[in-house]
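I have placed the structure first, in the form of structure tokens, so that the comments after it can refer back to it.
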Amino acid sequence: MAAYVQRAARAGDGDELATDVASFGDRAAPGVLVVSCGTHGVEGYAGSGALAAWLGDDALPRALDGGAVRVVLVHAVNPWGFAHDARTDQDNIDVNRNFRDFTVPQPPNDGYRALHPLLVPSMWPPRLVNELRLALRVVLRGRRATQAAIARGQSEFADGLFYAGRAPSWSRRTLEAVFAEHVAPCRVAAWIDLHTGLGRRGVAELIANTPDTPAALAEARAFFGHDVTSMYGGHSASTEVVGANFAALRGAGAEAATAVTVELGTRSPLAVLAALRGRQWLANHPDAPRARATAICEATRQAFYVEHDDWKNAACLAMRKAATRALDAIGHAVQVRR
């Protein structure tokens, strides 16, 4: 067990924040399955529950018995966001947009720039005229194109949604260190990153967290099943992300490496977007009245975590199915490479 302490940040009650890492199985095993949660802070509620349930699965110790595979769990990749019911970190950085080469100018996101004043208004709740203008923009542009423009990520507005930052974040550096210290060296690596908020309520989608190549998608499907979708092809609940965290896999040093996002739907897209916008307003107005701040944080939590048993069971089942597939595939891949 290891803890990466985020010394420059604290929870709301002053407690220390950390990303915890636990490893199971033979340290010399050639195959590794990594499972992480809380990349987007508040989404860690579901991830924590799913990880805890999976640790009680009898299939896990059986998979480790042969010595070919080990498991590395990464809890709360973004501990500040988890502690503060935020999707971003303390610098408003979306960790899953932050894996970029910041030594070169960042690509502009003109689509987001045009929407920014409407998405992040100066008051909350927004004025009716603001919402009507935003709705008109969505109608004219189309829902899917609007989603793509917003969710792609942007480095221009530090006070805006899906902000990629201008330098590697603490969570990025920590995740890279986890792969270098706890995953490498290995021959075969697979990674499951648990997320919530996209798609139909209680429906889990496995989305390839890979570069945009046919070979990368094929490898993700070989490890996780033919139902794995792509954020690049227009057939997923997700649209293309610039700066996604799959770049951290390079630290595993594996001959074969792949990753998926397990995305579990929560509420309607409009409800989720409203929660994100409200939480962004609060980040931009930290002196907001306590009652309003509490209501905004509660709405954010509800947008990414559904407090009902059927939904929680769906999260646990999605985690178990993805992990079972991956462990079998890793074991097979290791045998092939011997």
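Looking at the range 257-294, which of the residues that are in a loop (DSSP other than H, G, I, E, B) and open to solvent by 50 Å² or more (accessible area, probe 1.4 Å) is nearest to V188 (Cα to Cα)?
Only one residue tops the list, namely R267.
Applying the selection to the range 171-206, what residues are open to solvent by 40 Å² or more (accessible area, probe 1.4 Å) and under 20 Å from I93 (Cα atoms)?
Scanning the range 171-206 gives R173, E176, L198.
Restricting the search to the range 244-256, which residues are out of contact with any Asp or Glu (no Cβ under 8 Å at 6 or more places or on another chain), open to solvent by 10 Å² or more (accessible area, probe 1.4 Å) and of a type outside the set (D, E, K, R)?
Residues satisfying the conditions are F246, A247, L249, G253, A254.
If I ask for residues that are over 20 Å from S268 (Cβ atoms) and open to solvent by less than 40 Å² (accessible area, probe 1.4 Å), which ones from the range 120-156 would you list?
Answer for the range 120-156, where residues must be over 20 Å from S268 (Cβ atoms) and open to solvent by less than 40 Å² (accessible area, probe 1.4 Å): V120, P121, G153, Q154, S155.
State whether the residues of the range 42-53 include one that is in a loop (DSSP other than H, G, I, E, B) and either more than 18 Å from R320 (Cβ to Cβ) or open to solvent by 30 Å² or more (accessible area, probe 1.4 Å) (or both).
no
Mind listing whichever residues of the range 108-119 are part of a loop (DSSP other than H, G, I, E, B) and either free of Cβ contacts under 8 Å to residues at least 40 places away in the same chain or surrounded by fewer than 19 Cβ atoms within 10 Å (Cβ to Cβ) (or both)?
P108
Mind listing just one residue for me: the one in the range 295-312 that is in a loop (DSSP other than H, G, I, E, B) and not aliphatic (A, V, I, L, M) and, of those, nearest to Y45 (Cα to Cα)?
Y305
Is it true that A247 is aliphatic (A, V, I, L, M) and either within 26 Å of A52 (Cα to Cα) or without any contact (Cβ under 8 Å) to a residue 24 or more places away in the chain (or both)?
no
What residue, of V35, V72, is under 13 Å from the mean Cα position of the chain (by Cα) and open to solvent by less than 10 Å² (accessible area, probe 1.4 Å)?
Going through V35, V72 in turn, the sole match is V35.
Are there any pairs with C-beta distances below 8 angstrom linking a residue in the range 50-75 that is modelled with pLDDT of 95 or more to a residue that is open to solvent by less than 20 Å² (accessible area, probe 1.4 Å) and of a type in the set (S, T, Y), with the two at least 6 apart or on different chains, and if so which?
Partner pairs satisfying both residue conditions: L73/S36; V74/T19; V74/S36; H75/T19; H75/S36.
So V32 clears everything in (1) touching a residue at least 60 places away in the same chain (Cβ under 8 Å); (2) over 29 Å from Q280 (Cα atoms); (3) part of a helix (DSSP H, G or I) except one condition, right? Which one?
Failed condition: (3).
Pairs, please: C-beta under 8 Å, at least 6 apart or cross-chain, first residue at positive phi and modelled with pLDDT of 95 or more and in the range 135-155, second aliphatic (A, V, I, L, M) and crowded, with 19+ Cβ neighbours inside 10 Å?
Going by the 8 Å Cβ cut-off, the qualifying pairs are G153/A164; G153/V241.
From the list W124, W80, pick out the single residue that is touching a residue at least 24 places away in the same chain (Cβ under 8 Å) and farther than 22 Å from P168 by Cα.
None of the others qualify; the one that does is W124.
Please go through the range 81-102 and pick out each residue that is more than 14 Å from A164 (Cα to Cα), open to solvent by 30 Å² or more (accessible area, probe 1.4 Å) and not in a helix (DSSP H, G or I).
Matches in the range 81-102: H84 only.
Quick check on my filter: what residues within the range 5-32 are open to solvent by 10 Å² or more (accessible area, probe 1.4 Å), under 30 Å from D65 (Cα atoms) and in contact with a Lys or Arg (Cβ under 9 Å, 6 or more places away or on another chain)?
Once the filter is applied, which keeps residues that are open to solvent by 10 Å² or more (accessible area, probe 1.4 Å), under 30 Å from D65 (Cα atoms) and in contact with a Lys or Arg (Cβ under 9 Å, 6 or more places away or on another chain), the range 5-32 yields S23, F24, G25, D26, R27, A28, P30.
The values are calculated or read from the model by the stated rules, or taken from the named source; none is laboratory data. Since we're looking at a predicted model, the values are computed, not measured. Neighbour counts are summed over all protein chains in view; Cβ atoms, including those assigned to glycine, are modelled from backbone coordinates with ideal geometry. Side chains included, ligands, DNA and RNA excluded: accessible areas come from the protein's heavy atoms. Shrake-Rupley method; radii C 1.70, N 1.55, O 1.52, S 1.80 Å.
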